[in-house]
1. Can you find a residue in segment 91-109 that is at pLDDT 90 or above and assigned to a loop (DSSP other than H, G, I, E, B)?
2. May I ask you to list the residues in segment 21-69 that are among the acidic types (Asp, Glu), within 21 Å of Ala89 (Cβ to Cβ) and open to solvent by 50 Å² or more (accessible area, probe 1.4 Å)?
3. Quick check on segment 139-178: of everything there that is in a helix (DSSP H, G or I) and modelled with pLDDT under 85, which residue is farthest from Asp124 (Cα to Cα)?
4. Please indicate, with yes or no, whether at least one residue in segment 48-62 is in a helix (DSSP H, G or I), at pLDDT 75 or above, aromatic (Phe, Trp, Tyr) and under 15 Å from the mean Cα position of the chain (by Cα).
5. For Leu80, are the conditions met, namely being modelled with pLDDT under 90 and open to solvent by less than 30 Å² (accessible area, probe 1.4 Å)?
6. With respect to Leu126, is the statement that it is buried (at least 17 other Cβ atoms within 10 Å of the Cβ), in contact with a Lys or Arg (Cβ under 6 Å, 6 or more places away or on another chain) and at pLDDT below 90 true?
7. Any idea how many residues of segment 145-175 are crowded, with 16+ Cβ neighbours inside 10 Å and touching a residue at least 24 places away in the same chain (Cβ under 8 Å)?
Amino acid sequence: MDDDIRPWDAAAPLVRAAQRGDALAMDDLLGLITPYVTRLCAPIAPGDTADAVQESLIAVFRGLRGLRDPLAFYGWVRALTVREAVRVARRSAGESPADPAEVARLRDLLPQADTLQLSCEIRDLLARMPVRQRTVLVLRELEGLDERAMAELLDVPEGTVKSRLSRARSSFRKAWTW
């Protein structure tokens, strides 16, 4: 029966307890979301993943009392995390490639190739992409968000997301075949 529990349902009691000031619940909640936050930050801020994760978790810690619906926790965490990861990536002077495990789903954009080589090349291609393009590509391919959801999350018009995603895919494919 525990296998049928959705993550946001499982987190809701921890959210409520943490909002009431329960430090242990807050610790458990931050531990619960750290892998998710890391998975989002790694491809967006590959050179500063640890900083992006830390900034995201701090934002969650500081803003949790203002969250009205505990069932909206994961969507709220995603919005905070993407914002923080983009901010950290933009201020980064130099970036290193993302972890290959975090970008494995991007394989669908490319022709079949050796998996180890593919992972290295994917992370190198992502690291060379502009942050805005990399962000929409990650949100689409790793998180499965549609244009409308990405537009709301990034606070930009849907047309902007569509054009960034189109440019990101085109850049990714061109760099791959070059």
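The values are calculated or read from the model by the stated rules, or taken from the named source; none is laboratory data. Small disclaimer: the values here were computed from a predicted structure and weren't measured. Don't worry about glycine lacking a Cβ; one is built from the backbone with ideal geometry, like all the others, and counts go over all protein chains shown. Surface accessibility is based on the protein's heavy atoms, side chains included, excluding ligands, DNA and RNA. Shrake-Rupley method; radii C 1.70, N 1.55, O 1.52, S 1.80 Å.
1. no
2. Passing the criteria: Asp51, Glu55.
3. In this case the residue turns out to be Glu141.
4. Checking segment 48-62: not a single residue is in a helix (DSSP H, G or I), at pLDDT 75 or above, aromatic (Phe, Trp, Tyr) and under 15 Å from the mean Cα position of the chain (by Cα).
5. The answer is no for Leu80.
6. So Leu126 fits the description; yes.
7. Selection size over segment 145-175: 10.
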